[in-house]
1. Would you work out which of THR379, ASN265, ILE521 lies farthest towards the positive end of the dipole of the chain, given +1 charges on the beta-carbon of Lys and Arg and -1 on that of Asp and Glu, about the Cα centre?
2. If you keep only loop residues by DSSP, which GluC sites (Glu not before Pro) in the range 352-401 have at most 10 other Cβ atoms within 10 Å of their Cβ?
3. Just the Cα atoms of the range 218-367, one point each, no solvent: what log10 I(q)/I(0) does Debye give at q = 0.10, 0.12, 0.14 Å⁻¹?
4. Per DSSP H run of n ≥ 4, the term is -39500 (n - 2.57); total these for the chain, divide by its residue number, and report the mean residue ellipticity at 222 nm rounded to 500 deg cm²/dmol.
5. Report, by chain and number, residues whose modeled amide H sits under 5 Å from the one on ASP495, excluding near sequence neighbours (fewer than 5 apart, same chain).
6. Kindly report, to the nearest 10 Å², the accessible surface of ASP182 as traced by a 1.4 Å probe over protein heavy atoms only.
7. Holding the Cα-Cα limit at 20 Å, pick out from LYS230/LYS312; LYS129/LYS427; LYS279/LYS307; LYS168/LYS362 the pairs that are longer than that.
8. Using 1/(1 + (r/R0)^6) with R0 = 51 angstrom and r between the beta carbons of GLU112 and HIS211, what's the FRET efficiency to the nearest 0.05?
Amino acid sequence: MVGYGIQSMLKDGHKHLSGLDEAVLKNIGAGRELSAITRTSLGPNGMNKMVINHLDKLFITNDAATIVNELEVQHPAAKLLVLAARAQQEEIGDGANLTISFAGELLEKAEELIRMGLHPSEIIIGYTKAINKTLEILDDLVEKGSENMDVRNREEVVLRMKSAVASKQFGQEDVLCPLVADACIQVCPKNPANFNVDNVRVAKLVGGGLHNSSVVRGMVLKNDAVGSIKKVEKVKVAVFAGGVDTSATETKGTVLIHSAEQLENYAKTEEAKVEELIKSVADSGAKVIVSGAAVGDMALHFCERYKLMVLKVSSKFELRRFCRTTGAIALLKLSRPNVDELGYADSVSVEEIGGARVTVVKNEEGGNSVATVVLRGSTDSILDDLERAVDDGVNTYKSMCRDSRIIPGAAATEIELAKRLKEFSLKETGLDQYAIAKFGESFEMVPRTLSENAGLGAMEIISSLYAEHAAGNVKVGIDLEKGACEDASIMKIWDLYVTKSFALKYSADAVCTVLRVDQIIMAKPAGGPRPPQQGGIDED
């Protein structure tokens, strides 16, 4: 029997949801559920989440970007929030939690307005006006003089980096920030806008504590040297991407040997060939050979004879970074390198750190472009979380190289935005004034969440914050340790302007996209998976 209406148009097994109750409110519910997961991890006292992904890998973290990526969210509306958080993470590297939590709060307020009788399009108009006004107000709140910053001044870098690192590792920021700042300043190019995050590496070594961590100007390879030579200083380096071994011929051949003498001579010719190659490398002035693949036993024997240190780097990415550190050019096959193809290292030494043997390649004097933060900790989970904090710090440095403006942290900015947007909504005449007022109210989520996560009374703190801001103290935020209101400039808690503005912009965009959806049509073909399309590009 042929269906009627939309059933007659679509395949069997499709799903069609429309209207406020079925589509809009369900989408809002999915977004709220996602933000409820990440919200408890917001701020320095945020709780950790234990996520076990489909490969049984364990993540214990309060980093929202890691949490939502590993959750593998399926709901299309919640996916929009995940994409907004991912965009924030890729653009700025911090503030993903604020993006999701604030979007969830906006959706919750939108639901209240819909139940009051407002149409989603009126809410979208109100939210769009509100976010534009928010960005105007943010410009007013920027600390005077903060746009002129020397990115090589360690104290200023630590000041701006502190809140990003403290939100991941509260209490450890005084140890971590100077380490990250040192590493970033070491590799900062002449034009800071060209700073590359990839030049600050992290080496995680189990054992010891965070206070044993250090910064190395150069690279730390997590493997031992191949031969018996373990330390050399002020050396030239030759890099061979194809490995250090005798190369097999491309054609197959048969060698007929009649006597033992011929057999001996045949072995000797191979030996002489390898020796000739290794000797030519030694004659070029190189004292260290780095191999990107296998190192043959015979080649190693001659390397030992000519006092050459041999390192094996199996990852091609690590090999590229090694070339960047030493200034070497990777050669494809074993041959005598030219002088300009050799790199230079101040010292290459094998050290034992916490039971693991690592090779430290230092390059203090040469124009070094790679720095490594050596992190120590008791378990792999702790080290992974420390690495995320370092990653946030490095990304914050990259952002401040582009735009170093700062605004008061500790929820001072959010309360000021809430206060000013409520005042702005009263000047509007249309129905969208309700949406603007609710947008302003949503900013209360930040101080409320920070207070709740620290076990403080949220209502008292929000009301005293409003009182302080009404009196004209724009920089007053929450001191979570004292459980009272305090000036953010005294506590030295600052947020980067770009982090906040991008997070709020992405949240508002994602929410408006969710609210614009009024029908969901999922076409599921009957009888198993969909057949492959003909003539299309087959993607692996």
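The values are calculated or read from the model by the stated rules, or taken from the named source; none is laboratory data. In this text, all values refer to a predicted model and were calculated from it rather than measured experimentally. For neighbour counting, all protein chains shown are included, and Cβ atoms are generated from backbone atoms with ideal geometry for every residue, glycine included. What goes into the accessible areas is simple: the full protein's heavy atoms, side chains included, and nothing from ligands, DNA or RNA. Shrake-Rupley method; radii C 1.70, N 1.55, O 1.52, S 1.80 Å.
1. The one lying farthest along the dipole's positive direction is ASN265.
2. Answer in residue order: GLU365.
3. Here log10 of I(q) over I(0) equals -0.37, -0.51, -0.66.
4. That comes out to -15000 deg cm²/dmol.
5. ILE407, GLY409
6. It works out to around 50 Å².
7. Violating the 20 Å Cα-Cα cut-off are LYS168/LYS362.
8. The value I calculate is 0.55.
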